[in-house]
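Q: Structure incoming, see below.
Read-outs: derived from the displayed coordinates by stated rules, not from any lab. Quantities reported herein were computed from a predicted structural model and do not represent experimental measurements. Because the Cβ atoms are built from the backbone with ideal geometry, glycine has one as well, and the counts that use them run over all protein chains shown.
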Amino acid sequence: HPKYAVMVRDAIVSTKQRKGASALSIAKAIQSKHKGQLPDNFRKMLTLQLRKLVRSGRIVKDQSKFRCTP
């Protein structure tokens with residue numbers, strides 16, 4: 001599978017929600033696109049990567065939604 005940053009960005013863009021995408025909708029989008037390629041601990045890794053991406057400024061968390069930075 002590609003890097004988590006790429007998968008998260010693609011999932012946020014594919015949901016096409018103005019206010020952003022929730023962690024659950026991001027996980028569902030990634031799982032539907034990359035079936036069989038993800039590790040068993042995918043949800044835990046996704047949570048950690050979302051935190052890391054927010055800290056680095058690559059995505060923005062607003063309440064419980066995540067948005068891509070311009």
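Q: Specify the angular offset, from 0 to 90 degrees and rounded to the nearest 10, of the alpha carbon long axis of helix 4-15 from the longest principal axis of the alpha carbons in the chain.
A: It is inclined by approximately 70 degrees.
Q: May I pose another question? Can you tell me the relative contact order of the chain? Whole percent, Cα pairs under 8 Å, sequence separation 6 or more.
A: 40
Q: For the chain, the longest stretch holding no trypsin sites (Lys or Arg not before Pro) located in a DSSP loop with at most 15 other Cβ atoms within 10 Å is which? Intermediate results must be reported in sequence, preceding the final value.
A: Details: sites that count: Lys3, Lys16, Arg18, Lys19, Lys35, Arg58.
So the longest stretch without any such site is 36-57.
Q: For the chain, with only Lys/Arg (+1) and Asp/Glu (-1) charged at the beta-carbon, what is the dipole magnitude about the Cα centre, in debye rounded to 20?
A: 180
Q: Spin-label point model (7 Å from Cα, Cβ direction): what's the Asp62 to Gln17 distance in nm?
A: In this crude spin-label approximation the distance works out to 1.2 nm.
Q: May I pose another question? Tilt of helix 23-33 relative to the longest C-alpha principal axis of the chain, in degrees (0 to 90, nearest 10)?
A: That works out to roughly 40 degrees.
Q: Translational D (Stokes-Einstein, µm²/s) of the chain at 4 °C and 1.567 mPa s when Rh comes from the Kirkwood sum over C-alpha pairs?
A: Estimated via Stokes-Einstein, D reaches 108 µm²/s.
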